[in-house]
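Q: Attaching a single structure in structure tokens format; questions to follow.
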Amino acid sequence: MRTMILFLVAACAVGLLVSCEKAEGPEGGPAKGAPVVAAKPGETVLEAETLTLSGCKVAALKGASGGKAVLMMAEGDQVTATVALKKGAYKVVLVMQGESDEEDAVYLTVGAGEKRRMWTSGRGALADAVQMGDEQPFIELKIDKDGPVEVKLEFAEKNVQVDRIVFALQD
Ligand SMILES: [Ca+2]
């Protein structure tokens, strides 16, 4: 009987260790769904909740940077900003959260670029958005000269939460 109890205790301990590892993610990195991109040199981060909002509202979101995101709910909702970027090639990462297949898309327009339908592969967790028809979790942006760049997010589907947009300057 004692052996059995010891075995159960050991099994529980192993179970706890395994779940801890899962919570921390591979190699002690962020948990799945946690923000993937951390601000570092060469990166410009726009927190969606600090930008100019029309229609949509700021909502608390666990795991989001700043603890907040913008909740897109209806046709016409939009978020706009002007960001000062230096000349160069960028990867633009849109970090957002969608709750279902019908609640996972938003339109993103950067500078003179096309209006892109972006959707998140994650469900119920923060994830980097992917452009429709593309597998890359970012879009490529080329800036020809230093200066202001217009950024616009527009409603595509309801119940989408946008955490932030990261412009990462490439070498
Ligand atoms: Ca945020």
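The values are calculated or read from the model by the stated rules, or taken from the named source; none is laboratory data. This is a predicted model, so every value here is computed, not measured. Here the Cβ is made from the backbone with ideal geometry for all residues, glycine too, and neighbour counts use every protein chain on show.
Q: Counting only residues that are touching a residue at least 40 places away in the same chain (Cβ under 8 Å), away from the ligand (no atom under 16 Å from the Cβ) and in a loop (DSSP other than H, G, I, E, B), how many does the stretch 63-106 have?
A: 10
Q: Which of (1) charged (D, E, K, R); (2) without any contact (Cβ under 8 Å) to a residue 24 or more places away in the chain; (3) within 13 Å of the ligand (Cβ to nearest atom) does residue 47 not meet, given it meets every other one?
A: (2)
Q: Ok, one more. Looking for whichever is modelled with pLDDT of 95 or more and β-branched (Val, Ile, Thr) here; the options are 58, 14. Which one fits?
A: 58
Q: Give the residues of the stretch 157-171 that are among the acidic types (Asp, Glu) and either in contact with a Leu (Cβ under 6 Å, 6 or more places away or on another chain) or crowded, with 23+ Cβ neighbours inside 10 Å (or both), sorted by residue number.
A: Hit for the stretch 157-171 is 163, nothing else.
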